[in-house]
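The values are calculated or read from the model by the stated rules, or taken from the named source; none is laboratory data. No experiment lies behind these values; they were computed from the predicted model shown. Every residue, glycine among them, receives a Cβ derived from its backbone with ideal geometry; neighbour counts consider all protein chains shown. All accessible areas refer to the heavy atoms of the entire protein, side chains included, with ligands and DNA or RNA removed. Shrake-Rupley method; radii C 1.70, N 1.55, O 1.52, S 1.80 Å.
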Amino acid sequence: MRKLKLIWDFHGPEANKIAQHHEIHLKEYIQLENLNIPITGFENLNDVHAIAFLVVEEHKMKPLRDALKPHRGQVYNN
């Protein structure tokens, strides 16, 4: 089954801290909605760009996309 990485982009000098904090909210949402989504994270891409993300099976993506409004997505490759 194909998996998708839903991504939230953050820019500016505090981008890494914001992405870390956003991952906390993603985990809270997953727990609150009792979802089975084990892969979340954040990445510091450079000094002024970081991302938070979660990985979901493609057939479960649309409701999450509509509820959480990620900035973009891509196919997840382990």
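For the stretch 49-61, the Karplus equation 6.51 cos²θ - 1.76 cosθ + 1.60, evaluated at θ = phi - 60°, returns couplings of 8, 9, 10, 10, 8, 9, 10, 9, 5, 4, 5, 9, 5 Hz by residue, with Gly and Pro reported as x.
FRET efficiency for the pair Arg72 and Gln31, taken as 1/(1 + (r/R0)^6) with r the Cβ-Cβ distance and R0 = 22 Å, rounds to 0.35. Would you please give the FRET efficiency between Glu14 and His59, computed as 1/(1 + (r/R0)^6) with r the Cβ-Cβ distance and R0 = 35 Å, to the nearest 0.05? The formula returns an efficiency of 0.50 here. Across all Cα pairs in the chain, the calculated P(r) in 5 Å bins from zero up to the longest distance comes to 3, 17, 28, 25, 17, 8, 2, 0 percent per bin.
Heavy-atom surface analysis with a 1.4 Å probe gives the chain a carbon and sulfur content of 51 percent of its accessible area.
Could you give the size of the charge dipole of the chain about its Cα centre, using +1 on the Cβ of each K and R and -1 on the Cβ of each D and E, expressed in debye and rounded to the nearest 20?
Dipole magnitude for the chain comes out near 300 debye.
Tell me, what is the percent relative contact order of the chain, built from C-alpha pairs under 8 Å that lie six or more residues apart? In percent, rounded to a whole number, it is 49.
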